[in-house]
Each structure stands twice: as structure tokens, then as C-alpha cells.
Amino acid sequence: GMAISASADQDYVEITGTATKDDLGELFILLADVLERPAFDPALLAREKGLLVQALRSNQDTPSYYSVERMTQAMFEGHPYGMVGSRLIPHIPAVQRQDLLAYYRRWLQPANLVVSVAGNYDPAELKGYLESLSLPAAPKPSPATAKRKLGDPLASLPKQSPPVARKTVEVAQPKQAATWVAQGWLVPGTGSPDYQALKVLDSLLGAGMSSRLFTELREKRGLA
């Protein structure tokens, strides 16, 4: 009756757990073990690195993924957001257990933690579970980083500048029966007054099969 999953994106790491109300305490025992005592077993680490490289190489054979990958690399040249797919593969073997431990100690701290809960639960009971967690203390900053805020995503990332000219990346695959086109634009960040309008625009043009664009082209017109 319980489930735990973990995932990572460019800007965050997420651990999700679900359980019935009666099993909430048992769920937090498992969550606490995951958060407080990560093993990073060398054998499992080696296996996961191999699986990740295999998955990234497999994606190179998927035109829809590959077109977005090449677009992202062109848009974010020299920026960590552009470190995807074929650019990431050569660096994965160099990652060692100590790298994961250093990342864990630096970022998985109470100051950076966001908790979202939905369902049938006792708020006071949940608060007790959360307060019982023992996460790593913040490392002492070096003189070079003493003025930075640890949770500031711009503290260690270069600023992304708009491309000086329009970029077009073309990859010929004669054996494919179709053509995939990906277009992207650099837009303002979350602090921009245009952010809300961009989210609405994204829901209209994007949002997968529920978007108005998809509905119009695929459902109404029967286009691919």
C-alpha cells in the first residue's frame, strides 16, 4: 500500500511517497532512511551510470527526442542547461561516489527543502514526522562563496545570453520516413512580468495532447 519514487530535473531533486493514512508513519520511516542515510553503493552506482549512458545513447535513435536535444544544445551553448544527451555521455563515467556525497551534503538541506502534501492526514502528526528528520548541516562556506546564498541557483551558474544570431541545426537521416522540426526561443525568467502570460501561451501551444494546438491539428483536422 506504499510507494516511493525519486526523480531529478535541471533545477531540483524530488522524492515522492504515497501511503494510506494508517501507514503514514511507516512511510516516513522509509523516507527518513532515504534522506538521512544515502548509501551510494559503488556497485549500484556503476550499474546506474551504465544504464544512464545506455538510455542516452538509445535516445539518439529517436528522432523526436534527438531534434529537441540538438535544439537545446544550440540554445544553451556554454550553459549547464545545454549539457544534455550526447554532451553529457562523456562525463558520466567520471562521476564517483564522493561527488554524490558532496552534492548531497551541499544541497539536500532543510533550508532548500520544499514539502508538498495532499490527502487525508493529521497536520500535527505530519509536523512531528518532518521535525524528526535529520538532514545534513550546511557546509561552512569558503571565503569565495561566503557572500552567496546557498539556495541561489545563480550562485554557481553562468548567465545565459540570447544568441547573437538565429541558429539552425539540420541533421539528415535519409532512412526516416518523416521529418521532425523543433523550434525554441529564449524567454524571460520567473521574475519577469511576462511570466504568467508565457505560462498561458505554453498551455495553449504545448501541454501535450491536451493543448489547443494538438486538439486542432490532430483531433479536428486529422493531421500528424
- Query: What shape does the stretch 4-45 take by its C-alpha gyration tensor, where a ≥ b ≥ c are the square roots of the eigenvalues and a/c under 1.5 counts as rounded, a/b above b/c as prolate, and the rest as oblate?
  - Reply: oblate
- Task: Using a 10 angstrom cutoff on alpha carbons, build the Gaussian network for the chain and name the most mobile of Val114, Val13, Val200.
- Result: Val200
- Task: Would you mind telling me which residue in Gln173, Gln96, Gln73 has the biggest mean-square fluctuation in a Gaussian network model of the chain, where springs connect alpha carbons within a distance under 10 angstrom?
- Result: Gln173
- Per-residue ellipticity at 222 nm attributable to helices in the chain (runs of n ≥ 4 DSSP H, -39500 (n - 2.57) apiece, nearest 500 deg cm²/dmol) works out to -10500 deg cm²/dmol
- Message: Restricting to DSSP loop positions (anything but H, G, I, E, B) with no more than 15 other Cβ atoms inside 10 Å of their own Cβ, which GluC sites (Glu not before Pro) remain in the stretch 31-136?
- Response: Glu77
- Answer in debye to the nearest 20: the dipole magnitude of the chain about its Cα centre, from +1 Lys/Arg and -1 Asp/Glu charges placed on Cβ, is 960 debye
- Item | Mean Cβ count within 10 Å, highest first, over the residues of peptides 23-34, 97-108 | 23-34, 97-108
- Query: Under unit Cβ charges (Lys, Arg +1; Asp, Glu -1), what dipole magnitude, rounded to 20 debye, does the stretch 63-120 have relative to its Cα centre?
  - Reply: 160 debye
- [x] 20.6; [y] 21.7; [z] 17.0: which one is Kirkwood radius over Cα pairs in Å as calculated from this entry? [y]
- Message: Within the chain, what whole-number % of the accessible surface is contributed by carbon and sulfur, with the 1.4 Å probe and all protein chains included in the calculation?
- Response: 57 percent
- Item | Heavy-atom surface of the chain, accessible at 1.4 Å and reported per residue (Å²) | 75 Å²
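The values are calculated or read from the model by the stated rules, or taken from the named source; none is laboratory data. Bear in mind that the values here come from a model prediction, so they are computed numbers and not experimental data. Neighbour counts run over all protein chains shown; Cβ positions are idealised from the backbone, glycine included. The protein model used for the area step is the full one, side chains on, heavy atoms only, and it has no ligands, DNA or RNA in it. Shrake-Rupley method; radii C 1.70, N 1.55, O 1.52, S 1.80 Å.
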